[in-house]
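Student: Below you will find the structure I want to go over with you.
The values are calculated or read from the model by the stated rules, or taken from the named source; none is laboratory data. All values derive from a computational prediction rather than experimental measurement. No Cβ is skipped: glycine too gets one built from the backbone with ideal geometry, and neighbour counts run over all protein chains shown. These area figures cover heavy atoms from the full protein model, side chains too; ligands, DNA and RNA do not enter into them. Shrake-Rupley method; radii C 1.70, N 1.55, O 1.52, S 1.80 Å.
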Amino acid sequence: MSSANDLSIQKKMENIFKNTCGTWQNCTESNIQSFLEQCQEHSIDSQYCMSWVEQHKSQIPDWQVVSKVSLDWVNQHTSTGSPISFTE
């Protein structure tokens with residue numbers, strides 16, 4: 001079920017990635033955090049962003065480190081690893 005809205009989120013996320021990491025080969029533990037922070041600022045789910053990045057892990061030189069750093073970041077910025085919800 002891919003709607004036009006999903007597509008714009010994908011595009012937005014790709015642009016954020018280009019602005020922060022640039023290329024897969026250039027993706028590091030520091031710029032992956034910038035990527036996640038900017039995704040959050042644009043209300044894009046960080047887990048969605050990371051699952052997209054993970055699809056390209058074979059192109060990321062230091063994937064083990066990048067993966068760990070991003071996982072820690074996601075856990076710190078979401079409750080129980082899921083998007084924070086304010087509805088009681």
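Student: Please state the shape class of the stretch 2-77: rounded when a/c is under 1.5, otherwise prolate if a/b exceeds b/c and oblate if not, all from the C-alpha gyration tensor. Could the numbers behind the result be given before it?
Tutor: Values: a/c = 1.72, a/b = 1.39, b/c = 1.24.
The shape class here is prolate.
Student: Same structure, new question: State, as an integer percentage, the relative contact order of the stretch 2-77 based on alpha-carbon contacts under 8 Å between residues 6 or more apart.
Tutor: Numbers: 51 pairs, mean separation 25.1, N = 76.
Once normalised by length, the contact order is 33 percent.
Student: Count the net charge of all other residues whose Cβ sits under 15 Å from the Cβ of Ser43, scoring Lys and Arg as +1 and Asp and Glu as -1.
Tutor: Result for the local shell: -2.
Student: Right, another one. Just reorder Ile16, Ile9 by solvent-accessible area, largest first, 1.4 Å probe, all chains present. Don't skip to the end; give the middle numbers.
Tutor: Values: Ile16 10, Ile9 50 Å².
Putting Ile16, Ile9 in descending order of accessible area: Ile9, Ile16.
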